[in-house]
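See structure below.
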Amino acid sequence: MWPQDPSRKEVLRFAVSCRILTLMLQALFNAIIPDHHAEAFSPPRLAPSGFVDQLVDGLLGGLSRWDAEHFLFIAEHGYLYEHNFAFFPGFPLALMVGTELLRPLRGLLSLRSCLLISVASLNFLFFMLAAVALHDLGCLVLHCPRQAFYAALLFCLSPANVFLAAGYSEALFALLTFSAMGQLERGRVWTSGLLFAIATGVRSNGLVSVGFLMHSQCQGFFSSLTMLNPLRQLFKLMASLFLSVFTLGLPFALFQYYAYTQFCLPGSARPIPEPLVQLAVDKGYRIAEGNEPPWCFWDVPLIYSYIQDVYWNVGFLKYYELRQVPNFLLAAPVTILVVWATWTYVTTHPWLCLTLGLQRSKNNKTLEKPDLGFLSPKVFVYLVHAAVLLLFGGLCMHVQVPAYLIGRHGSEAPAQRQELVNHTLSPRWNEMVSALLPGPSLVISLSL
């Protein structure tokens, strides 16, 4: 069992220490540094707050900034505003469950305070389990326990770690995705698909994970061609691919349909408290009552695409402006690392990359000792995931987003070229740096 493994216990202990330190620093700096007054979503508090509520807000209020307000608002009020639908329901549902467990304290705490406590406690738990899941995944993919160990530690120290502590869905998404990857590496395709599907209900970027399932199924198909009926295996492959796409796409489709019923079908609007209606009037937020939004008349009425375009200005090359140069510089280190790692891997395994990771050498009968660490053949699909994410994110998202989302999942280091590091850094640092991808927190998508 994993608790008896010394390295896993050390990873768990380190994750707990990092999370405690993060929460303490959050409370300290939230108290001594004035908040930045940005035009961010900040709904009014409908319930009065007592002394205990103020104490909870002073200790944990730093976890509720920026997009965390959306998740807290959705957990408390549901999806009332159009732009709330940019945030998927998995994490708000988890917060609601956590709040129900705190129901005995509702006479002492407001719902808002219970939600903040749920954010802190649940993300604490999700983060610890994600670090352990990443360690296990690294051992399976890298066949190098030492690098897997360092990968998990570096995941805990990521500069983007704040998103794993605050009221964001990152920690839950990381846990589900790392666990799904680990199950897939163990050959448990159905369990992996279920976890990937749940992850899609947490963040839309979970859709990208279908590539892992499809690649695994294609590997199984090609490995069985010489032994079994090809036509039967091809039919089985097509059915598996369809089922994978359907399973991971279903949570996304259901959520889009729910939005359609709220904004595009008559009589589906819910009553909204007057202060929240006034906020919509003051800020120009769209609510269900009123004129139907333009996306209702699209051939495929996807509210998610509309919100990303209208509210966040996300689209092809839309972020390429002179005033965004500082953000391009911010993204440069991770970009260089991923490009460097991709080049290193491709030049080391050209045939493997040419065959999309399905055949290691031209001669199938050639027996070679498998590479360990970053150059392991199993790393291919994770590196492709990181490279595609970086390419798509750099062209179609806010350019700093791919950098931070790759960073917060510990995958920025695929970029480290093993040979150069061996000549420029100490062996121990080399192991730590080169482990960043392999433990492949491997890029999982996500954009704010």
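Using the beta-carbon distance between residue 340 and residue 254 and R0 = 45 Å, what value does 1/(1 + (r/R0)^6) give for FRET efficiency, to the nearest 0.05? It comes out at approximately 0.65. At the residue level, residue 136 shows approximately 30 square angstrom of accessible surface with a 1.4 angstrom probe and all protein chains present. In terms of packing, defined here as the mean over residues of other Cβ atoms within 10 angstrom, the peptides 179-186, 342-349, 161-168, 312-319 line up highest first as 161-168, 179-186, 342-349, 312-319. Overall, the ratio between the Cα radius of gyration of region 1-89 and 2.2 N^0.38 Å, rounded to two decimals, is 1.44. Spin-label model, residue 322 to residue 232: label points 7 Å out along the Cα-to-beta-carbon direction sit 6.8 nm apart.
A simple spin-label model places pseudo-atoms 7 Å from Cα toward Cβ; at residue 219 and residue 242 they are separated by 2.5 nm. Ranked from largest, the principal axis spans of the Cα set of region 285-335 equal 44, 23, 18 Å. Projected label points at residue 186 and residue 103, each 7 Å from Cα along the beta carbon direction, are separated by 3.3 nanometres.
Across region 102-165, the fraction of Cα-Cα pairs farther apart than 16 Å, rounded to a whole number, is 56%.
By the rule of a C-alpha distance below 16 Å, with chain neighbours fewer than 8 residues away ignored, the aspartates and glutamates paired with residue 9 are 136. Across region 319-330, computed HN-Hα scalar couplings (Karplus, 6.51 cos²θ - 1.76 cosθ + 1.60, θ = phi - 60°) run 8, 7, 10, 4, 6, 9, 3, x, 6, 5, 5, 4 Hz from first to last residue, x flagging Gly and Pro.
The slack in the chain from residue 52 to residue 392, taken as 0.36 nm per residue of separation less the alpha-carbon distance, amounts to 117.8 nm. Backbone phi angles across region 19-33, fed through the Karplus curve with coefficients 6.51, -1.76 and 1.60 (θ = phi - 60°), yield HN-Hα couplings of 5, 4, 5, 4, 5, 5, 5, 4, 5, 5, 6, 5, 7, 9, 10 Hz in residue order; Gly and Pro are listed as x. Once the Cα-Cα distance is subtracted from the 0.36 nm per residue extended length, the residue 31 to residue 289 segment shows a gain of 88.9 nm.
So, counting K/R as plus one and D/E as minus one, what does the shell of residues with Cβ under 15 Å around residue 54 add up to?
Summing Lys and Arg as +1 and Asp and Glu as -1 gives 0.
Residues in region 335-340 carry Karplus couplings, in order, of 4, 4, 4, 5, 4, 4 Hz; the curve used is 6.51 cos²θ - 1.76 cosθ + 1.60 with θ = phi - 60°, and Gly or Pro positions show x.
Using Cβ point charges alone (K and R +1, D and E -1), the dipole size of region 1-84 about the Cα centre works out to roughly 460 debye.
The values are calculated or read from the model by the stated rules, or taken from the named source; none is laboratory data. Computed from a predicted structure; not experimentally measured. So basically every Cβ, Gly included, is an ideal-geometry build from the backbone, and we count neighbours across all protein chains shown. Calculation scope for accessible area: heavy atoms of the full protein, side chains included, ligands and nucleic acids excluded. Shrake-Rupley method; radii C 1.70, N 1.55, O 1.52, S 1.80 Å.
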